[in-house]
Amino acid sequence: MRLSRYFLPVLKDDPAEAQIASHRLMLRAGLVRQEAAGIYAWLPLGLRVLRRIERIVREEMDRAGAIELLMPTLQLADLWRESGRYDAYGPEMLRIRDRHERELLYGPTNEEMVTEILRAGVGSYRDLPRNLYQIQWKFRDEQRPRFGVMRGREFLMKDGYSFDLDEAGARRSYQRMFVAYLRTFARLGVKAIPMRAETGPIGGDLSHEFIVLAETGESDVYCDRAVLDLAVPPDDVDYGGELDPLIHAWTSLYAATSDVHDAVRYEASVPPERRLRTRGIEVGQIFYFGTKYSEPMRARVTMPDGSARALHGGSYGIGVSRLVGAIIEASHDEAGIVWPDAVAPFGVGLINLKPGDPATDSACIHLEHRLAGRGIEVLHDDTDARAGSKFATMDLVGVPWQIVVGPRGIAGGMVELKRRASGERIELTLDAAVACLVEGTVGKDAP
Ligand code: ATP
Ligand code: MG
């Protein structure tokens, strides 16, 4: 992609409204633009990151046996009356009337709708278990939208729902999602710790929040530092096998949000030097809620003996758009964003120090083509901005590798390769730079 033809409206100065680094950097690097309080347009660079996150979320959901579908953003109020949540939900729900005076709402979550879909689509115990998910926009009229996309009103969520015949089956479904979440966040380049959590308006008795530790987070958390060193399950983890030991390893170490924090248990089970009280960002939450929706909504299957059985459900959310902010919060420096390779909007930023010079121009075009041929996307700065400003922009947008092509170097066949995260630079030939990027981490996101 040639920067001269791209749409990358970077800001020179810090926007006054941004209180935390990720919000400031997302506005400055031209990832999003606020259109109304808590409502954002995703500009081309931001959309690339969002799509890369979505891709990893999908791959891990599919690997764990979940099936993707897509439900509408608008729902009928009557559907929510079936579960009793229409009146219970409160002012966060955006309620709408259509031209026929029918009551609608913009979905804040989809338990009712997916239960209705299952109710219509399954009849027998043989049709279960099933796990359905979508990646879709949600609306919650948050009292205090803030921190940019971290607490938006319109936001992108991966929401998944499992349906089983009994509690034992539902707990296995819950465990599979627990493992899939560990893998998903690790691949996204963040450390998200599963913590015991309150169930809130979703209901149920078993829940974990996945929390990225950050001083600017809105959640108050307590945990055993040892949880930070646990190994993430590998990509060949057997989702059909026994997950108890793995889950036990993660849940036996103390980790809880302040809502369910138990000071007595904490002090009894965590040695003082391992106690960590800090703040964090909730990037996902999983719930087991049993028959909370299937009972009132009569979502049942017929059992072998002819009896009817209410479905046992769980739901599983990931804040896809919030993750963009959370990743930046966890990975930035004074110069800008430092994208983990797996979610970077481009693999390489290519800086032509002297556009119009035949030698640098042709070296840049050559590099762009060779890298593209290996599946590495390049943001090619071919503009006539000053060198200093080009370096600053590339650092700000946080592309993980930079190649700098200048007339002096190229006369000797050399370019400079810089790793954004460490600032390390080396001079090497064009061929060596390509080889280094192709063999290196660029574009390879599986741990
Ligand atoms: P919070 O406690 O932060 O308000 P929640 O517990 O109400 O979130 P869930 O119903 O668990 O949210 O939704 C699943 C995920 O969606 C959350 O873990 C979070 O990552 C994301 N999410 C929730 N609300 C917002 C929001 N207003 N803006 C961006 N992402 C959100
Ligand atoms: Mg939650």
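The values are calculated or read from the model by the stated rules, or taken from the named source; none is laboratory data. Fair warning: this is a prediction, and the values are worked out from it, not measured in the lab. Neighbour counts run over all protein chains shown; Cβ positions are idealised from the backbone, glycine included. Calculation scope for accessible area: heavy atoms of the full protein, side chains included, ligands and nucleic acids excluded. Shrake-Rupley method; radii C 1.70, N 1.55, O 1.52, S 1.80 Å.
Considering only residues that are surrounded by 23 or more Cβ atoms within 10 Å (Cβ to Cβ) and modelled with pLDDT under 95, which ones fall in the range 170-204?
Result: A197, single match.
Please find, among S315, S258, the residue that is within 16 Å of ligand 1 (Cβ to nearest atom) and open to solvent by 30 Å² or more (accessible area, probe 1.4 Å).
After applying the criteria, what remains is S258.
Confirm whether T393 is touching a Pro at 6+ places or on another chain (Cβ under 9 Å) and under 17 Å from S4 (Cβ atoms).
No: the conditions fail for T393.
If you go through the range 301-323 one residue at a time, do you hit one that is under 20 Å from the mean Cα position of the chain (by Cα), in a loop (DSSP other than H, G, I, E, B) and touching a residue at least 60 places away in the same chain (Cβ under 8 Å)?
no
Hey, can you tell me all the residues within the range 73-122 that are over 29 Å from the mean Cα position of the chain (by Cα), under 30 Å from R309 (Cα atoms) and open to solvent by 40 Å² or more (accessible area, probe 1.4 Å)?
Selection gives D78, R81, E82, G84, D87, R119, A120, G121.
What's the total number of residues in the range 9-40 that are open to solvent by less than 30 Å² (accessible area, probe 1.4 Å) and hydrophobic (A, V, I, L, M, F, W, C)?
9
What do you reckon, is A385 part of a helix (DSSP H, G or I), more than 27 Å from M61 (Cβ to Cβ) and either touching a residue at least 24 places away in the same chain (Cβ under 8 Å) or not assigned by TED's automatic domain parsing to the domain that holds Y174 (or both)?
no
Hey, any hits in the range 79-95 for a residue that's within 17 Å of F185 (Cα to Cα), without any contact (Cβ under 8 Å) to a residue 40 or more places away in the chain and either assigned to a helix (DSSP H, G or I) or hydrophobic (A, V, I, L, M, F, W, C) (or both)?
No, that holds for no residue.
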